[in-house]
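Remarks on the structure that follows.
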Amino acid sequence: MSFINYSSREINCKIVYYGPGLCGKTTNLQHIYNRTNPELKGKMISLETEAERTLFFDFLPLALGEIRGFKTRFHLYTVPGQVFYDASRKLILKGVDGVVFVADSQAERLEANLESLDNLHLNLAEQGHDLSSLPYVIQYNKRDLPNAAPMAEMQRLMNPNGVPEFEASAATGLGVFETLKSVARLVLQELRDASR
Amino acid sequence: MRDLPFVMYDEDQRQILAIVERLVRDANAKGIFIVDRNGQLIVEAGEMHGVDTTSLASLAASCVAATGSLAQIVGEEDFPVHFHQGRRDNLHITLVGTSFILIVVFDERSSLGLVRLRVKKASAALAKAFEDMAKRAERAPASPTNSPFSEITDEDIDNLFST
Ligand SMILES: Nc1nc2c(ncn2[C@@H]2O[C@H](COP(=O)(O)OP(=O)(O)OP(=O)(O)O)[C@@H](O)[C@H]2O)c(=O)[nH]1
Ligand SMILES: [Mg+2]
């Protein structure tokens with residue numbers, strides 16, 4: 001749920017990066033953090049295990065600039081991808097304005113991607129949301145790996161509705177900002193359409 | 001399907017800030033923050049200038065969300081009051097209504113008893129203020145005439161990303 005503060009002339013939106021364990025959600029946020037000017041970003045918080053797996057979430061506040069005199073801020077969150085952290089994923093999805101599904105392109109992770117996508121549908125439905133009416137984009141990550149599945153197959157399995165999709169290699173940063181911009185754009189368009 | 005944006009006007013901010021500033025004095029608090037359950041900072045008061053309020057708001061909301069889920073697992077509806085005791089500073093967290101979180105930071109100049117007592121009183125006033133806020137939002141729903149966002153162009157959006 002976006003928050004419009006007329007008093008401080010700010011608007012805040014929440015974007016959640018979802019996807020199976022180790023697909024590269026945290027790596028996306030780290031890249032954004034590393035490549036953003038200090039005055040445009042807040043502290044990145046990572047609640048993680050000793051093995052650097054996300055335990056609860058990563059959080060990165062970004063300020064994009066002004067739109068019609070309002071400071072536009074995006075709060076980026078990642079969920080923990082490991083299957084047994086489902087209770088935490090549900091909490092993080094609350095109040096979401098836009099979703100990035102990060103898929104792991106490695107052929108042996110296809111099943112894990114589909115499971116996570118199902119889980120996303122289910123958890124959104126519990127909150128009365130639906131991917132078809134929510135700003136939503138897909139990122140095919142780890143395209144750099146030799147065992148990456150063919151794009152056509154991933155698209156067929158994961159993007160039957162043809163939402164915006166991006167090939168990425170978060171470890172080098174390829175496709176990371178394109179993904180973010182695309183979902184941010186959809187969120188702002190939604191905000192506009194909702195106030196018409 | 002999406003929730004409507006949550007809107008706060010100047011009048012809301014003033015009303016809530018007045019209650020919170022009084023609570024700072026009455027409870028001898030170092031700082032008081034009101035955060036919504038999605039982790040957005042609503043108002044702050046007190047002497048804790050320079051703390052990272054964005055992180056504070058997000059972490060407090062997550063903490064309340066996690067504890068709320070724990071409550072349900074053990075058969076409670078929620079845990080409406082949380083208290084974290086530190087060596088110097090303490091954190092007193094209360095749920096206000098269904099959507100807001102009141103965070104009081106205090107040290108040895110105050111006490112848990114005093115904070116509890118004053119928070120109880122202020123909570124009622126805050127709940128009332130939030131009700132008023134919801135009513136105002138209902139009376140003036142976002143429309144092309146009063147929402148700056150109805151006029152956003154694709155160009156405005158592009159400009160955000162040009163830097
Ligand atoms: N080769 C390659 N490795 C990547 C890429 N993106 C992420 N990785 C690596 O994959 C591993 C897992 O990345 P994370 O970002 O921690 O994964 P996550 O999705 O946050 O995982 P959870 O927190 O468990 O849900 C790390 O070792 C990354 O360096 C990529 O595009 N290419
Ligand atoms: Mg992670």
Self-check item: Verdict on B:Ile101 being buried (at least 21 other Cβ atoms within 10 Å of the Cβ), within 14 Å of another protein chain (Cβ to nearest Cβ), aliphatic (A, V, I, L, M) and within 22 Å of A:Phe56 (Cβ to Cβ)
Solution: yes
Quiz prompt | Check on A:Ala149, open to solvent by less than 50 Å² (accessible area, probe 1.4 Å) and more than 10 Å from chain B (Cβ to nearest Cβ) | solution = yes
Quiz item: Quick one: would you say A:Phe101 is open to solvent by less than 10 Å² (accessible area, probe 1.4 Å) and either in a helix (DSSP H, G or I) or within 11 Å of another protein chain (Cβ to nearest Cβ) (or both)?
Solution: no
Quiz item: Any idea which of A:Ile45, A:Ile32 is touching a residue at least 60 places away in the same chain (Cβ under 8 Å), out of contact with any Gly (no Cβ under 8 Å at 6 or more places or on another chain) and either open to solvent by less than 10 Å² (accessible area, probe 1.4 Å) or within 16 Å of ligand 1 (Cβ to nearest atom) (or both)?
Solution: A:Ile32
Quiz prompt | Test: A:Arg89 is over 30 Å from B:Ala65 (Cα atoms) and within 16 Å of ligand 1 (Cβ to nearest atom) | solution = no
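Here is a yes/no grid of residues against (1) more than 14 Å from ligand 1 (Cβ to nearest atom); (2) farther than 21 Å from A:Asp97 by Cβ:
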{"residue": "A:Ser116", "(1), (2)": "no, no"}
{"residue": "A:Ala125", "(1), (2)": "yes, no"}
{"residue": "A:Pro146", "(1), (2)": "no, yes"}
{"residue": "A:Glu153", "(1), (2)": "yes, yes"}
{"residue": "A:Met158", "(1), (2)": "yes, yes"}
{"residue": "A:Glu165", "(1), (2)": "yes, no"}
{"residue": "A:Gly173", "(1), (2)": "no, yes"}
{"residue": "A:Val183", "(1), (2)": "yes, no"}
{"residue": "A:Ala194", "(1), (2)": "yes, no"}
Quiz item: Just checking, which of A:Leu22, A:Leu60 is away from chain B (no Cβ under 14 Å), in contact (Cβ under 8 Å) with a residue 12 or more places away in the chain and within 13 Å of ligand 1 (Cβ to nearest atom)?
Solution: A:Leu22
Quiz prompt | Residue that is farthest from ligand 2 (Cβ to nearest atom) [pool: residues in segment A:1-19 that are more than 10 Å from every other protein chain (Cβ to nearest Cβ) and either open to solvent by 30 Å² or more (accessible area, probe 1.4 Å) or part of a strand (DSSP E or B) (or both)] | solution = A:Ile15
Practice problem: Please find, within segment B:29-52, the residue that is farthest from the other protein chains (Cβ to nearest Cβ) out of those that are at pLDDT 90 or above and surrounded by fewer than 16 Cβ atoms within 10 Å (Cβ to Cβ). | Solution: B:Glu47
Quiz prompt | For A:Ala125: the one exception among (1) surrounded by fewer than 20 Cβ atoms within 10 Å (Cβ to Cβ); (2) within 16 Å of ligand 2 (Cβ to nearest atom); (3) in a helix (DSSP H, G or I); (4) among the small types (Gly, Ala, Ser) | solution = (2)
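The values are calculated or read from the model by the stated rules, or taken from the named source; none is laboratory data. Remember, it's a predicted structure, so these values are computed and weren't measured experimentally. Here the Cβ is made from the backbone with ideal geometry for all residues, glycine too, and neighbour counts use every protein chain on show. These accessible areas exclude ligands, DNA and RNA; they are computed on the full protein's heavy atoms, side chains included. Shrake-Rupley method; radii C 1.70, N 1.55, O 1.52, S 1.80 Å.
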